[in-house]
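Undergrad: Can you read through this structure? Questions will come right after.
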């Protein structure tokens, strides 16, 4: 059944692609150029830390920018703006809150990224828009498409049988690919990429643990990535628990975490920066937070390429 559903999904993806390629499906264009950061699959692959890394690089070049994002998992509809990081997570969502905290730049949140961009141009006059999770958001014209590719993408299947939103052949639309694996981008994906290929790696910010046997928990699209990060950091949790992506913790969740931590004799907790945002006023102590940054060795060359496409 899943294979049949994936076949139907593939036909819909092809029909949509033909619609945009022929011009039958319209594309809106903002006044300032758009640099899109996206991927092929559902779940976390590093788009948020990549947007943050690009934002810092733009600031070093003296260019003002904003971030346009849908704001998955937030509790309200309509346009929201995050500017300081102090905003209510229910209003703006967890990832926008993280991005604006890291960048101190306006993050415009709305399902209609064109509307969000128009509002930003009226209020903030950015030189560049960073479009978060934008590869499939074809309704908005972009000057530069950067697509993250992970090892898991190479042998995955289309939704719902797998996690791919588009096949590997969609990489032909990309201006550049950001390879998240070791070594060179394999030929299975490289043959579709018409632009440049850059390498990147997620790095966990070193942390000091107050607990020797922390209980690990997270609400991510791919919790296994967090478990791997803990291994890389040399952290061996006494137990672990995964919640759904963008999970907002309530009193019942906190009680459950404390109970399960007690069952395995944990002496503290460890989670992600995204989950810390979703904890709200809840307190788990001692609590260690793992923050992730994106390391792109050739960031200057990547940004030169993007800004050239933007004519900046």
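Coordinate-derived values only; no laboratory data. In this text the structure is predicted, and so the values were computed from the model without any measurement. Note: ideal-geometry Cβ built from the backbone for every residue, glycine included; neighbour counts use all protein chains shown.
Undergrad: In percent, what relative contact order does region 1-121 have, based on Cα pairs under 8 Å that are 6 or more apart in sequence?
TA: So the answer I get is 24 percent.
Undergrad: If packing is taken as the average count of other Cβ atoms within 10 Å, what order do 54-60, 104-110, 34-40 fall into, highest mean first?
TA: Sorting 54-60, 104-110, 34-40 by mean packing, highest first, produces 34-40, 104-110, 54-60.
Undergrad: So what's region 125-268 giving for Cα Rg divided by 2.2 N^0.38 Å, two decimals?
TA: 1.33
Undergrad: Can you compute the helix-only [θ] at 222 nm over the chain? Use -39500 (n - 2.57) per DSSP H run of at least 4 residues, normalise by all residues, nearest 500 deg cm²/dmol.
TA: One gets -10000 deg cm²/dmol as the mean residue ellipticity at 222 nm.
Undergrad: Okay, moving on. Going by Cα centres, region 206-223 and region 288-312 are how many Å apart?
TA: With region 206-223 and region 288-312 each reduced to a Cα centre, they are spaced 27 Å.
Undergrad: Quick check of the Kirkwood formula: for region 206-290, what is the inverse mean of 1/r over all pairs of different Cα atoms, in Å?
TA: 12.6 Å
Undergrad: Averaging the inverse of every distinct alpha carbon separation and then flipping it gives the Kirkwood radius. What is it for region 29-168, in angstrom units?
TA: Value: 15.2 Å, from the Cα pair sum.
Undergrad: Just the Kirkwood number for the chain, please: inverse of mean 1/r across all distinct Cα pairs, in Å, one decimal.
TA: Its Kirkwood hydrodynamic radius stands at 20.5 Å.
Undergrad: For the chain, what relative contact order do you get, as a whole percent, if you take Cα pairs closer than 8 Å and at least 6 residues apart?
TA: Computed over the chain, the figure is 20 percent.
Undergrad: Still on this structure, please answer the following. For residue 205 and residue 254, FRET efficiency with R0 = 25 Å and r from the beta-carbon atoms, rounded to 0.05?
TA: 0.50
Undergrad: Figure the gain on full extension for residue 104 and residue 194 (residue separation times 0.36 nm, minus the Cα-Cα span) and round it to one decimal in nm.
TA: Gain in length upon complete extension: 29.0 nm.
Undergrad: Residue 182 to residue 301: FRET efficiency via 1/(1 + (r/R0)^6), r the Cβ-Cβ distance, R0 25 Å, to the nearest 0.05?
TA: E(calc), rounded to 0.05, equals 0.80.
Undergrad: Between residue 61 and residue 83, what FRET efficiency follows from the Cβ-Cβ distance if R0 is 22 Å, with the result rounded to 0.05?
TA: 0.55
Undergrad: Give the order of 146, 279 when sorted by the count of other beta carbons within 10 angstrom, beginning with the fewest.
TA: 279, 146
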